[in-house]
Amino acid sequence: PGTFKNPIQVSNWDQFDAAFRDKNVDQIVLNNDIDVTGGRNKVFDNRGISRTVEITSTENNRYTMNFGNHFMSLWDNAQNGSDQGWNIIIKNVDIKSTDDTYSPIFTRDVSVKNSKKDTIIYDNVNFDGHQFSRTDAANIVLAGTVNINSVLESGDYAAIDAYSFKVADGANVTLNVREDSKFNHNTTEYRWGNTGVRTWYNDGNDAVVIGSGATFRFNSN
């Protein structure tokens, strides 16, 4: 959106949490680095109603969301009975994560029917961690300049899981993927642990799209 009806500035996790759960908030503006605290998973099921919401830094600044081993889990409760899916835009924000099982935004607790309505857009984002996106049935869009540094272990599915994966027109995306030294190639439980991008359920022509004038660099070891 060009303008926002109810933007709110936040400086810590509790304020961010309250803003994300507030169905009236359509823009969350970081005015400080955010360290995610509390229980390991952050479940947005009842108060976090699906909608369009942008997460960004204050003008002329760039802040970091450090998830550590925490993650944000979206649930069916937020969008059951509604045609309105999530449209989450993360713009001009850096993301760090140490969790080797869940990505910072995790939608596998959302049914495929609902999740296919969901889009997560990363615009001018840098990421350092394990799985950048473990969504299975959500649509992932990378826009602007995006740098992803992903270290995969045997428990990781892929650097990016999605229903569809798109590099927007004119975007400049670099995906660096390397295996952790303790990666176990003999494991059978996690078969996709050495994948850069994997799309699920989608056999259509829009499963993977590289936009006009876009650059997508995939560097692996």
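Quick one: among ASP136, ASP83, ASP128, which has the greatest mean-square fluctuation in a GNM of the chain with alpha-carbon springs under 10 angstrom?
ASP83
Return the single residue from SER50, SER11, SER103 with maximal mean-square fluctuation; model: Gaussian network over the chain, springs between Cα atoms under 10 Å.
Maximum fluctuation in the GNM of the chain, among the listed residues, is at SER11.
Give the long-range amide H neighbours of THR215: residues separated by 5 or more places, or on another chain, with amide H under 5 Å away, using H modelled in the peptide plane at 1.01 Å from N.
Hits under the 5 Å cutoff: ALA171, ASN172, VAL173.
With a 1.4 Å probe and every protein chain left in place, work out the accessible area per residue of the chain in Å², rounded to a whole number.
Counting only protein heavy atoms, the per-residue value for the chain is 46 Å².
From the cross-link list LYS23/LYS113; LYS5/LYS166; LYS113/LYS166, which pairs have alpha carbons spaced over 26 Å apart?
Beyond 26 Å between Cα atoms: LYS5/LYS166.
Calculated from DSSP H runs of 4 or more alone, at -39500 (n - 2.57) each and per residue, what is the 222 nm mean residue ellipticity of the chain, nearest 500?
Calculated at 222 nm, the ellipticity per residue is -1500 deg cm²/dmol.
Which of these values of Cα extents along the principal axes in Å was calculated from the structure shown: [x] 71, 38, 29; [y] 76, 47, 35; [z] 49, 41, 38?
Of the listed options [x] 71, 38, 29; [y] 76, 47, 35; [z] 49, 41, 38, [z] comes from this structure.
At a Förster distance of 25 Å, what's the computed FRET efficiency of THR37 paired with GLU59, Cβ-Cβ distance as r, to 0.05?
Once rounded, the FRET efficiency stands at 0.40.
Run the numbers on the chain and let me know its relative contact order in percent, using alpha-carbon pairs under 8 Å that are six or more apart.
About 14 percent, as a whole number.
When the accessible area of the chain is computed with all protein chains present and a 1.4 Å probe, what percentage of it is carbon and sulfur? Show your work: numbers first, answer last.
Working: 4080 of 10220 Å².
C and S atoms contribute 40 percent here.
The values are calculated or read from the model by the stated rules, or taken from the named source; none is laboratory data. Computed from a predicted model, the values in this text were never measured in an experiment. Virtual Cβ from ideal backbone geometry, glycine too; neighbours counted across all protein chains shown. The area values use the complete protein model at the heavy-atom level, side chains included, leaving out ligands, DNA and RNA. Shrake-Rupley method; radii C 1.70, N 1.55, O 1.52, S 1.80 Å.
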